[in-house]
Amino acid sequence: MGFTSSHMPINSFDAPHTFTNVKMNDIDSIGLDTCSLEALNGMDNVVVEITADPDHAFSSLGVPGFLVSKKFVDFTGMGCAPTSECLDFCPNACLRTLQVLVDPTSDDDTNMLVVDNDTKKELIVTRSNHASPTSRLWNSVYNVALPRGRHFDIYFVDKQQQRVYPNYATPVFERAPVGCTHYVESIEIHKPEADPSTLCDDDLIRNGNFDANRNHWQDFFAGAVWEPNVGVNGGGGFVTKQRTANGHEISQWINVYCIQENATYDVSITYKLLHGNGNNNNAVSLTNAWPYAQVVAQQWDGATFATVSVTRPVQGPSSGPFGGGFETITGVWTPTAQEANSDRVMFLFSLPETPTLGVLNHVVDNISMTIRR
């Protein structure tokens, strides 16, 4: 079996597993099945490679193959047969697991549609969420087992089966199967065919007003929470409580499908500096705290998302001293070709350590990044 740290907190069977030459003294007493995984964790995407089975531990055939969850059986079309209530054995199959990494804060009703161009079969795959979706350290995933010798396309659809696109979608193949060759090695993920201007809002930032919640926003060790009555004009706001270093930030992933190369986006952020664990009543007055917005573009390098460009479309200070209330800073972002074609793009807001008061917390509200028409 093979695991990495990214596998552990996600309710998904997304690590490569291989059994070979297993001998069971009493297979009936073991009861190899995955129904409890499905019932408790929704884990219905089990794929286990059996490279050799001379003792007939997994099937009466005693041949190599794959144990798979029921939802993959019809799609793989491999002449599979039940071995238990929730598992089938597919003899002489050659499957490879694909996981598609997506933003954990994207809409829950978005499903992945996998189309087999040879058999015309379709499979709807639901998302497996990370245990901590508000931390930008992790991704959510869609998992599917793909048989060799066929050609597949991937789309994303909403509940009405309309084409949509998560903020980013990066295909990552799990370890190649051990006992077979000519397995699937590439796949195409399709963005909606419609022009982005017809499907995307003018504002790339989602929930920038924080009216009712923190949806779509993440934080990086900032202890950020949504609170009512702390924003502009007494509305909701996003408050950091535990910033202890410059890099402790709030952020969200921008939908890469919606970014238009060389367009002009007007960026605006309203914020208030706080002193002492985010205590809203202890706003400070400074002239040397330089808040900034940053756009970070990343590409998948085969092992991780590597940063390829960093742009600061907004950097303070604001005009005049901070009087303890809200200040608004503005700027302009013009996406380059590299940014517009990156695998994923992050917007973040932060401020550096101040010379006298150290690292400050803050409230933010009314954040926008709007295309100029």
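Annotations
- Search result, residues across region 138-165 that are of a type in the set (Phe, Trp, Tyr), open to solvent by less than 40 Å² (accessible area, probe 1.4 Å) and in contact with a Leu (Cβ under 8 Å, 6 or more places away or on another chain): Phe152, Phe156
- Note on region 68-105: residues that are more than 20 Å from Pro177 (Cα to Cα), in contact with a Leu (Cβ under 9 Å, 6 or more places away or on another chain) and part of a loop (DSSP other than H, G, I, E, B) total 3.
- Leu113 vs. criteria closer than 29 Å to Ser140 by Cα and modelled with pLDDT of 85 or more: yes
- For the condition surrounded by 14 or more Cβ atoms within 10 Å (Cβ to Cβ), closer than 18 Å to Val102 by Cβ and of a type outside the set (Lys, Arg), Asn209 does not qualify.
- Scanning region 106-137 for residues that are open to solvent by less than 20 Å² (accessible area, probe 1.4 Å) and in a loop (DSSP other than H, G, I, E, B) yields a total of 2.
- Residue, nearest to Arg148 (Cα to Cα), within region 177-188, restricted to residues that are surrounded by 15 or more Cβ atoms within 10 Å (Cβ to Cβ) and not aromatic (Phe, Trp, Tyr): Val184
- Residue that is nearest to Pro335 (Cα to Cα), among those in region 217-269 that are hydroxyl-bearing (Ser, Thr, Tyr) and open to solvent by less than 10 Å² (accessible area, probe 1.4 Å): Tyr265
The values are calculated or read from the model by the stated rules, or taken from the named source; none is laboratory data. From a predicted model like this one, the values you see are computed outputs, not experimental measurements. When we count neighbours, we look across all protein chains shown, and the Cβ atoms used for this are built from the backbone with ideal geometry, even at glycine. The accessibility values were calculated without ligands, DNA or RNA, using every heavy atom of the protein model including side chains. Shrake-Rupley method; radii C 1.70, N 1.55, O 1.52, S 1.80 Å.
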